[in-house]
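K.L.:
Sending over a structure as structure tokens; questions will come in a sec.
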Amino acid sequence: MGKAIVLRNHGNSNVLKLEDIIVEKPKDNELLIRQTAIGVHFHDIYVRSGLYKTLELPGIPGLEAVGIVEKVGSASLDFKIGDRIVYITKHYGAYSSQRVIDSKLAIKIPDYISDEVIATNFSRAITVQMLMEQVTQVKPTDTILITAVTGGIGKIFSQWAKSKGACVIGSVGSDEKVSLAHSFGCDYVFTYNQQDFVSQIKDITKGNGVDKVFDSVGKDTFENSFKSVSVCGHLINFGQSSGPVEPVSMSSLASKSLTISRPILFDYISNLNIYKKMANSVFNTFKKNQIKTSKLEPYKLEDASLAHDVLESRRGGGSVFLTP
């Protein structure tokens, strides 16, 4: 018998209740894992509140976790009992003490990375890897703009891009976040709503605009992102925390020969060989100490509601995770 947070109704954090669950035996291509650290992200809050209706109720939320393999299906020959693995899944179910997962989702973790660090940063870091090395190639000669640069992905992104030699411009939602953005590697930082946003970027780039824009905010920042990108530049929209972006006409792209992308991580990691290469790239970046992670903030699985409250209130500012 295992334990899990079962979401039966959408609502505030009080709907997150711990229940007993039956844990099935793994089938041929599956692994039974005992989870040790479970990542908590804003996506989970949107699922809980009902903003995202992507989890069928009743259901167990959570997209990523780290665990120890306890049983191996007969066809899962790449794994053995005792292996330490991390996974991401769009089918949820991570808020649990034990679970069965498809072995294709699991990636073995090297010894030099802790459960807590990778459980809170794997999906973030592999998203950055996708953006910088799969969707486009960030080069040492590039000047790039990253929105929400003090968010979970933004902090990793700015450091990784700086390690490649790129000039990094970050944008943030308030003046209070400017110094924090600089501490994570940004060369320049601006707030979304400052009136001279575009002109400042034009000054930095000698009138050219940035080579690449990585915009996760969406509605509130897209216009400035579009105006800030150079001729033949690339605008990558990978989130919409402020709301969806209005449709873009082909003629507006033609005005500067622009490329726009809207990548989804799960499409990029659907190929197992590519997924493994992306994960190894993430692990190597941690090994080289190119990424400084935020303060770890653990909560018991039964206190998932408290973890959500802390994340939602922005009081924590670190890497929130659950321990079964």
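The values are calculated or read from the model by the stated rules, or taken from the named source; none is laboratory data. These figures come from a predicted structure and were not determined experimentally. Glycine gets a Cβ as well: all are built from the backbone with ideal geometry, and neighbour counts include every protein chain shown. For the accessible areas, the whole protein counts, side chains as well, though only heavy atoms, and no ligand, DNA or RNA atoms are used. Shrake-Rupley method; radii C 1.70, N 1.55, O 1.52, S 1.80 Å.
K.L.:
With the Cα gyration tensor of the chain in hand, convert its eigenvalues to equivalent ellipsoid semi-axes via √(5λ) and list them largest first in whole Å.
P.N.:
In descending order the semi-axes read 36, 21, 18 Å.
K.L.:
Using a Gaussian network model of the chain with C-alpha springs under 10 Å, which one of SER228, SER171, SER183 is most mobile by mean-square fluctuation?
P.N.:
So, out of SER228, SER171, SER183, the one fluctuating most is SER183.
K.L.:
By how many nm would the segment from VAL231 to LYS288 grow when fully extended, if each residue of separation counts as 0.36 nm and the alpha-carbon distance is taken off?
P.N.:
Computed gain between VAL231 and LYS288 is 17.1 nm.
K.L.:
Assuming a ≥ b ≥ c are the square roots of the Cα gyration tensor eigenvalues, decide whether region 1-129 counts as rounded (a/c under 1.5), prolate (otherwise, with a/b larger than b/c) or oblate.
P.N.:
oblate
K.L.:
While we're on this one: At 1.4 Å probe size, with the rest of the protein present, what percent of the exposed accessible area of region 18-150 is carbon and sulfur atoms?
P.N.:
Carbon and sulfur together cover 51 percent of it.
K.L.:
Given the DSSP H assignment, sum -39500 (n - 2.57) over each helix run of at least 4 residues in the chain and divide by its residue total; what's the result at 222 nm in deg cm²/dmol, nearest 500?
P.N.:
Result for the chain: -8000 deg cm²/dmol, rounded to the nearest 500.
K.L.:
Can you check what the net charge comes to around GLN240, using other residues whose Cβ is under 12 Å from the Cβ of GLN240 (Lys, Arg +1; Asp, Glu -1)?
P.N.:
Net charge in that neighbourhood comes out at -1.
K.L.:
Considering only ARG124, ARG99, ARG262, give the residue with the highest GNM mean-square fluctuation for the chain, with springs between Cα atoms whenever their separation is below 10 Å.
P.N.:
Comparing ARG124, ARG99, ARG262 in the GNM, the peak value goes to ARG262.
K.L.:
Another question, then. Extending each Cα 7 Å along its Cβ direction at THR54 and LEU180, get the distance between those two points in nm, one decimal.
P.N.:
Distance between label points: 2.4 nm.
K.L.:
Based on alpha-carbon atoms only, what is the radius of gyration of region 192-257 relative to the globular estimate 2.2 N^0.38 Å?
P.N.:
Taking the Cα Rg and dividing by 2.2 N^0.38 Å, one obtains 1.07.
K.L.:
Does region 112-197 come out rounded, prolate or oblate by the C-alpha gyration tensor, with a ≥ b ≥ c the root eigenvalues, rounded set by a/c under 1.5 and, if not, prolate when a/b is larger than b/c and oblate if not?
P.N.:
oblate
K.L.:
Between MET1 and SER251, take the C-beta separation as r, use R0 = 56 Å, and let me know the FRET efficiency to the nearest 0.05.
P.N.:
The computed FRET efficiency comes out at 0.40.
K.L.:
Tell me which residues come under 5 Å, amide H to amide H, from VAL210 once H is placed; ignore anything under 5 positions away on its chain.
P.N.:
VAL229, SER230
K.L.:
Quick one: Karplus J couplings for region 253-269, per residue in order, coefficients 6.51, -1.76, 1.60, θ = phi - 60°, nearest Hz, x for Gly and Pro?
P.N.:
Result, rounded to whole Hz: 5, 5, 4, 10, 6, 8, 10, 10, 10, 9, x, 10, 3, 5, 6, 6, 9.
K.L.:
How would TYR299, TYR188 line up by accessible area, probe 1.4 Å, largest first?
P.N.:
Ranking TYR299, TYR188 by accessible area, largest first, yields TYR188, TYR299.
K.L.:
Still on this structure, please answer the following. Once you list every other residue whose beta carbon is under 14 Å from the beta carbon of ALA94, what net charge do they have if Lys and Arg are +1 and Asp and Glu are -1?
P.N.:
Within the 14 Å Cβ shell, the charges total +1.
K.L.:
Taking the chain as a Gaussian network, where each spring joins two C-alpha atoms under 10 Å apart, which residue of THR36, THR293, THR141 fluctuates the most?
P.N.:
Sorting by GNM fluctuation, first place goes to THR141.
K.L.:
Would you mind classifying region 156-215 by shape? Square roots of the alpha carbon gyration tensor eigenvalues, ordered a ≥ b ≥ c; an a/c under 1.5 is rounded, otherwise it is prolate if a/b is larger than b/c and oblate if not.
P.N.:
oblate
K.L.:
Roll a 1.4 Å probe over the protein chains and send me the accessible area per residue for region 168-324 in Å².
P.N.:
That works out to 52 Å² for each residue.
K.L.:
Could you give P(r) for region 250-324, binned at 5 Å from zero, as whole percent values over all Cα-Cα pairs?
P.N.:
It works out to 3, 12, 11, 10, 12, 19, 15, 8, 5, 3, 1, in whole percents.
K.L.:
What per residue convex hull volume, in Å³, comes out for region 182-324 when only alpha-carbon positions are used?
P.N.:
With only Cα atoms used, region 182-324 gives 178 Å³ per residue.
K.L.:
Could you let me know the centre-to-centre spacing of region 1-46 and region 268-324, using Cα atoms, in angstrom?
P.N.:
Taking the Cα centre of each part, region 1-46 and region 268-324 sit 16 Å apart.
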